[in-house]
Amino acid sequence: MTRRSRLAACLVALVAVGWLVVGVEPRSTAFASDPILDAKAKQAQLQSQLSAQKAQLASLRADAARLSNALAYAKDQLASVSAQYEKVADVLSHVKQEVADVQGQLAALNVQIATLDAQLKQIAADIVTQTAELGARESLLQDHLRAAYEQSQTSLLEVLLSSKSLDDATNQVGYLLTVSDGDKALADEITALRQSLQIKEQNLRDGRAALKDARAQAKIQEQQLVAKRAELTTLQAQLATLKRAWEAQKARQEAALNASLTAQKSLQAQIGKIEAAAAAQAALVKKLQAQQLAASQIGPGGLRWPEQGYHITQFFGPTTFTLEPPYTYQGVYYAHFHTGLDMSVGCGAPIYASGNGTVAASGQPLAPYDSAFGVILNHGGGLQTWYWHMQPRVVVAPGQHVTAGQLIGYEGSTGFATGCHLHFAVNLNDGWRNPLAYLP
């Protein structure tokens, strides 16, 4: 057998040996980490941040809407002919808190915008770097393929025939196969780089769109917040004017009430009776609270005014009126405290239930300590309303269910009263509350 024939016969075995050579110590250009998995992980992280940003925007819009509604309501209250200082002050206190909430939401959004902006800049820089890397690897692969093409001009058989020995032929075949395997790995890396680049470019597009929207919304809300702060400042100035008028009115009312006492005898005896009536009142409140188990029957709209065409003659809170008994309100002791809201339409004016409820007591519930006629309604959830100094005509009976706006009695001056009026009081869980907080 000739030398050429012997080498040809060994060709198949040499190819197999060449693959074994490649398998022993392959050439590898693979990344330490999978670029596609890495890109997808960063994409998931970015999508999570974008979702959080959308939620932040939604929360900001909701806060801004509440602030707008609160400002509109405050304006309406101040514009009302019967504007009450304490109620408007409470409304503006909520408006101030809404302003602070919107400011906080804006600050949080701006932090998210800055964070997202930095991340997008990093993604853009990564894209530039990875694009350059992709170009270098594609160039390397082209060089390899070009070399392989040039080498392919010489057949494998001719390489074998030109070899001086079997060992020499084996080495050359192994080299050729190793180059082929390396090129395959390089091609896989290029494919992975391209896919990860596509993911990053999509992330960049999504992020930039979200960032643009967030910046636009933040700018709009900041402009609106400036305008709303200006509105709040104006309303607070109007509130200060209303407060002065309210304080003057309260002083006139209390002066008139105190002046009416000068014509009465046995002032100390009256004070003692009133204090005894207050103690009986507290005991009755606890008794009725214990009987009240149902959930509140008062809807989101709160209570309604118990009289129509009224004017307020005495407000809830601390007072200088001598006949008002002592009371501890919100942890502060007051020597004289008015636990309700006095209003007057005129003797005999109809009085209506302020909300759905059950008559807990009617007639003279505090006799013999207080001879006043009145009605007490349980509304459930620990809420009671008291209607006092009514005329002796009893309209409703204990246990009777009443609805908001139903007639329950008539304005009078029974009990400790200086004239016809209605003492309207709200008790929640054994504590007197400002009725203005429950009325529209």
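Data overview
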quantity: Contour excess over end-to-end distance, with Cα ends at VAL111 and ASP143 and 0.36 nm allotted per residue; calculated: 6.7 nm
quantity: Probe 1.4 Å, all protein chains present, accessible-area order of ASP370, ASP34, largest first; calculated: ASP34, ASP370
quantity: Cα centroid separation - region 34-63 against region 344-367, whole Å; calculated: 59
quantity: Calculated FRET efficiency for the pair ASP38/GLN224, C-beta based, R₀ 51 Å, to 0.05; calculated: 0.80
quantity: Share of alpha-carbon pairs per 10 Å distance bin for region 332-408, given as whole %; calculated: 18, 48, 29, 6
quantity: Shape category assigned to region 60-99 from the gyration tensor of Cα positions, a/c cut at 1.5; calculated: oblate
quantity: Where labels lie 7 Å past Cα in the beta-carbon direction, separation of THR241 and ARG205 in nm; calculated: 5.8
quantity: Inter-site label distance for THR403 and SER51 at 7 Å from Cα along Cβ, in nm; calculated: 4.7
quantity: Spacing of the two label points (7 Å from each Cα toward its C-beta) at SER371 and ASP188, in nm; calculated: 10.5
quantity: Estimated FRET transfer efficiency (ASP76, ALA255; beta-carbon r; R0 45 Å; 0.05); calculated: 0.90
quantity: Sites ALA100 and THR234, calculated FRET efficiency, Cβ-Cβ separation with R0 22 Å, nearest 0.05; calculated: 0.75
quantity: Hz values of 3J(HN,Hα) by residue in region 190-195 - Karplus curve (6.51, -1.76, 1.60), Gly and Pro given as x; calculated: 5, 4, 5, 4, 4, 5
quantity: Contact order relative to length of region 298-379, as percent, for alpha carbon pairs under 8 angstrom and 6 or more apart; calculated: 29
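The values are calculated or read from the model by the stated rules, or taken from the named source; none is laboratory data. Not measured: the values here are computed from a predicted model. In this analysis, Cβ positions are derived from the backbone assuming ideal geometry, glycine residues included, and neighbour counts consider all displayed protein chains. Accessible surface areas use protein heavy atoms only, side chains included; no ligands, DNA or RNA. Shrake-Rupley method; radii C 1.70, N 1.55, O 1.52, S 1.80 Å.
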